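Asker: One structure coming up, written as structure tokens, with questions to follow.
The values are calculated or read from the model by the stated rules, or taken from the named source; none is laboratory data. Predicted model only: the values in this text are computed from it and were never measured. Heads up, the Cβs are rebuilt from the backbone with ideal geometry, glycines too, and the neighbour counts pull from every protein chain shown. Keep in mind that these areas ignore ligands, DNA and RNA; they rest on the heavy atoms of the full protein, side chains included. Shrake-Rupley method; radii C 1.70, N 1.55, O 1.52, S 1.80 Å.
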Amino acid sequence: MADATTGAGSTPTLRVAVDVGGTFTDLCVIDERSGDMRIAKVPSTPNPLEGVLAAVAKADIDLSEVALFSHGTTVATNALITRDYPPAAMITTKGFRDVIEIRKGTKEDLWDAYTDVAPPPIQRRHRMEVTERVDYAGEVVEALDEAEAREAVRILRRRGIETVAICFINAHAQPSNEVRMREIVEAEMPEARVTTSSEVLPEIFEHERFSTTVANAVLGPKVSGYVNGLEQDLKEGGYRGDLLILHSGGGVMTPKSVDKLAVRLAASGIAAGAISLQHLATRSGYPNAIGLDMGGTSTDISLVVDGETRMTEQWFVEYGYPICFPSIEVLTIGAGGGSLAWIDEAGSLRNGPMSAGSVPGPVAYGRGGEVPTNTDANLVLGRLGGELIDGGMQLDRDAAAAAIDESVAQPLGLDLNEAAQAILTVANANMADALRLISVRRGYDPRDFALMAFGGAGPLHGVALARELSIPTVLVPPNPGITSAFGCLLVDIQHDLSTMFLSNVDEVEVGDVEAGFAELEEEARERLAAERVPEADVSLQRYIDMRYSGQWRSMSIPVGRPVKAIDAAIESFHAEHEREHNYRRDGAKVEIYRLRVRAVGLVPRPQLPHLDLDPDAPAVPRGTRPVRFDGAPDFVETPIYSREDLAGGVVIEGPAVIEQLDSTTPLPPGVEARVNESQMLEITLDN
């Protein structure tokens, strides 16, 4: 990586990470020399670049003193959600233009006959066909018809197309026709971006490959423009290192790699919270943990088992259009501090997925919001105080109460406090269902896990959700609101490469497997070298994707280097299949489906100091206020503590409320909290 030294010869010591959320943009900065950490929060802006620079300015950071700048961005995710695409086209083999519209023929809700799957990102009139053909084994049956290819490109040029996806059938087995098509497009349309499926995802299953390639094509101009613009602004401000952008697989990429694989940023922001969960929970002695990252707009739920995050090979923003890169498994639902409470046509109280966002925000923000939110309900019940961001934002309780009374209490025949509690009960029920999906449905018992509640709103709901699922411990990080930003400082440069390798295990030649891995690793080293990662900091991890003969779903099994035999991998596959699907078939034939290499360029991680514990340390509240807790009929005069006043080892018994700059943690009666040596608030429940 680039040397980030200043012109004066001094060595930069600051590590900065910025995470852009729907409501706030969070910044975390750590001084390598002293270990000190400080944070900043600013409201998110329609142009996220402005929010990032505003956070840097608020933290008063001299960019010439920054050794590393890491960023989790929602630009790609938001573009997919809003379909904010540039004029795009697809060129494919004759007869295959409708692959991305036919999809798999499935629907998200099998029983809903009236809701259609969203249309493809590229209109049919912009999906051009050309004559070419490669068979399943990679033999060129028919070379590219270059006259047809040039005519198709001329049509697209007249239509003002800015980005082109080239998706030929069986190009994963032989990319030569795609390569030639790319050369023609680049010659005829030098201003256009070109993406080929054989570069993006050289794997079988044309819909998945085409869908991922199209997503990469439509995201490329917007994402690359944003990343390169931010890099330029940072350099003009004095930063001399590489801008590192978090990607969905839990690693980071440089702008050069983003130019080629913009689609990898499609879950950039939400992966950061899962990375922090893995680091902070295991550091506190909880290798099994569920992450509840509740922000202003949504809640992201992740899982760590035996100290490792769960990965998925296929995910989507819009159903029917998969993105097939290894990604951290995160379940996102529309439940945040700004989620709107509303009554449906049947007279039932609902919560989300619509959100007030950062503008206008909850009613209590005084920015024009009229529909009550979870933040308004927490304020009315006293769980939130009258200000946020250490006094940087004042909250209007009377306005929140009036909105809840008009929109919820009166229509449902409830008093104000009952209505506020009902809003939170519905929100908690939605989140509890999501927690069950990522744990119980995966074969895990929530009672064997800790729940780490973070994000600005997560600690407000953590105890209630833990009680609902009988989780014995809740963890609250030192700075819950910037935990995702902190996660951006905990990741390495990472690339995932794969190649098809279809063979029964009893017929495979180990030498062929080793040769396949060697080819992937050569490309991996080239990518990391282009990003200036020293050879000493390169780590290559191998995986064989295996399945029972006749299945199409595979499981990824780690293997060592070099591969001398695959007996151990087969046994690991049987065991993992039994854990995931509750059965194994030792006598059945097993197939190798794919070889994968994860290439990691190691980045030094910040070291957080441990606290000295003093169980007798005093805890002195800064005041009291009336708070109504779940299940309580009345308000209770509750002591209010400041998190910065709590020493290591201090124990606080509920009822209590612990406030800090970026979040608030209520402790109901019967709940005990302790500050552990890892600076985490460790809450023990009376389940």
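Asker: Got the relative contact order for region 610-687 handy, in percent, Cα pairs under 8 Å and 6 or more residues apart?
Answerer: On the way: 165 pairs, mean separation 21.7, N = 78.
Reported relative contact order: 28 percent.
Asker: Quick query: amide H of Ile166 versus all other amide H atoms, modeled in the peptide plane; which residues come in under 5 Å with a sequence gap of 5 or more or a different chain?
Answerer: Ile91, Thr195, Thr196, Ser197
Asker: Separate question: Testing the spin-label approximation: label points 7 Å from Cα along Cα→Cβ at Asp567 and Asp62. State their distance in nm.
Answerer: So the two model labels end up 6.3 nm from each other.
Asker: Let me ask something else about it. In debye, nearest 20, what is the charge dipole magnitude of the chain about its Cα centre with +1 on Lys and Arg Cβ and -1 on Asp and Glu Cβ, if you could check?
Answerer: For the chain, the charge dipole is close to 900 debye.
Asker: Over 32 Å between Cα atoms, which of Lys107/Lys222; Lys256/Lys589; Lys58/Lys256; Lys260/Lys564; Lys58/Lys222 qualify? Before the final figure, lay out each step's value.
Answerer: Values: Lys107/Lys222 29 Å; Lys256/Lys589 43 Å; Lys58/Lys256 29 Å; Lys260/Lys564 34 Å; Lys58/Lys222 26 Å.
Over 32 Å apart, Cα to Cα: Lys256/Lys589; Lys260/Lys564.
Asker: Net charge near Ser470: determine it from the other residues with C-beta under 10 Å of the C-beta of Ser470, scoring Lys and Arg +1 and Asp and Glu -1.
Answerer: Working: positive: Arg447, Arg467; negative: Asp445, Glu468.
Spelling it out: positives minus negatives among the neighbours equals 0.
Asker: Another one. Treat every Asp and Glu Cβ in region 162-289 as -1 and every Lys and Arg Cβ as +1, leave all other atoms uncharged, and give the resulting dipole magnitude about the Cα centre to the nearest 20 debye.
Answerer: 480
Asker: Related question: Please report the base-10 log of the normalised intensity I(q)/I(0) for region 145-189, using a Debye sum with one equal scatterer per alpha carbon and no solvent, at each q in 0.16, 0.17, 0.23 (1/Å).
Answerer: -0.41, -0.46, -0.80
Asker: Just going by the charge dipole of region 213-353, with Lys and Arg at +1 and Asp and Glu at -1 on Cβ, which of Ser327, Ala271, Tyr239 is farthest out on the positive end?
Answerer: So the residue we want is Tyr239.
Asker: If you count, for each residue, the other Cβ atoms within 10 Å and average over each peptide, how do 500-508, 370-378, 242-250 line up from highest to lowest? Write out the running numbers ahead of the final one.
Answerer: On the way: 500-508: 13.4, 370-378: 27.7, 242-250: 25.8.
Highest to lowest by the protection proxy: 370-378, 242-250, 500-508.
Asker: Okay, next question. For region 37-151, take the alpha-carbon Rg, divide it by the Kirkwood Rh, and send me Rg/Rh. Show your work: numbers first, answer last.
Answerer: Numbers: Rg = 23.1 Å, Rh = 19.5 Å.
That ratio equals 1.18.
Asker: Further question: If the only charges are +1 at each Lys and Arg Cβ and -1 at each Asp and Glu Cβ, what is the size of the charge dipole of region 633-672 around the Cα centre, to the nearest 20 debye? Show your work: numbers first, answer last.
Answerer: Working: 1 positive and 8 negative charges, 15 e Å.
Rounded to the nearest 20 debye, it is 80 debye.
Asker: Towards the positive end of the charge dipole of region 358-467, with charges on Cβ (+1 Lys, Arg; -1 Asp, Glu), say which of Leu416, Asn430, Ser358 has the farthest Cα.
Answerer: Asn430
Asker: Just the number please: accessible area per residue for region 219-274, 1.4 Å probe, all protein chains included, in Å².
Answerer: Numbers: 1350 Å² over 56 residues.
Each residue of region 219-274 exposes 24 Å² on average to a 1.4 Å probe.
Asker: How are the C-alpha pair distances of region 480-567 spread across 5 Å bins, as whole percents from the shortest bin up?
Answerer: Percent of pairs per bin, in order: 3, 10, 19, 19, 15, 12, 10, 7, 4, 1, 0.
Asker: Now a separate question. Which shape class, rounded, prolate or oblate, goes with region 405-516 when its Cα gyration tensor gives a ≥ b ≥ c as root eigenvalues, a/c under 1.5 marks rounded, and past that a/b bigger than b/c marks prolate? Present the calculation step by step, with values, prior to reporting the outcome.
Answerer: Values: a/c = 3.02, a/b = 2.33, b/c = 1.30.
The shape class here is prolate.
Asker: Just want to confirm a number: the relative contact order over the chain, from Cα pairs under 8 angstrom separated by 6+ residues, in percent.
Answerer: Working: 1587 pairs, mean separation 82.1, N = 687.
This gives 12 percent for the chain.
Asker: For the chain, what does the equivalent ellipsoid look like in terms of its semi-axes, each the square root of 5 times an eigenvalue of the Cα gyration tensor, given largest first in whole Å?
Answerer: Details: eigenvalues 389, 156, 146 Å².
Listed largest to smallest, the semi-axes of the chain are 44, 28, 27 Å.
Asker: Would you mind putting 330-339, 72-81, 620-629, 287-296 in packing order, based on average other-beta-carbon counts within 10 Å, highest first?
Answerer: By packing density, highest mean first, the sequence is 287-296, 330-339, 72-81, 620-629.
Asker: Which Cα, out of Pro472, Ala588, Ser284, lies furthest along the positive dipole direction of the chain (beta carbon charges, K/R +1, D/E -1)?
Answerer: With unit charges placed on the Cβ atoms, the residue in question is Ala588.
Asker: Using a Förster radius of 35 Å, what is the FRET efficiency between Lys104 and Ala617 based on their Cβ-Cβ separation? Nearest 0.05, please.
Answerer: E between Lys104 and Ala617, to the nearest 0.05, is 0.05.
Asker: Shifting gears a bit: Return the long-range amide H neighbours of Val627 (sequence gap of 5 or more, or a different chain), with a cut-off of under 5 Å between placed amide H atoms.
Answerer: For Val627, whose amide H was placed from the backbone, the distant partners under 5 Å are Val636, Glu637, Thr638.
Asker: Bin width 5 Å, origin at 0, all Cα-Cα pairs of region 307-445: what percent of pairs per bin?
Answerer: 2, 10, 16, 18, 15, 12, 10, 10, 6, 1
Asker: With a 10 Å radius around each residue's Cβ, average the other Cβ atoms per peptide and rank 669-681, 157-169, highest first. All intermediate terms of the calculation are to be shown ahead of the outcome.
Answerer: Details: 669-681: 19.3, 157-169: 21.1.
Result, highest mean Cβ count within 10 Å first: 157-169, 669-681.
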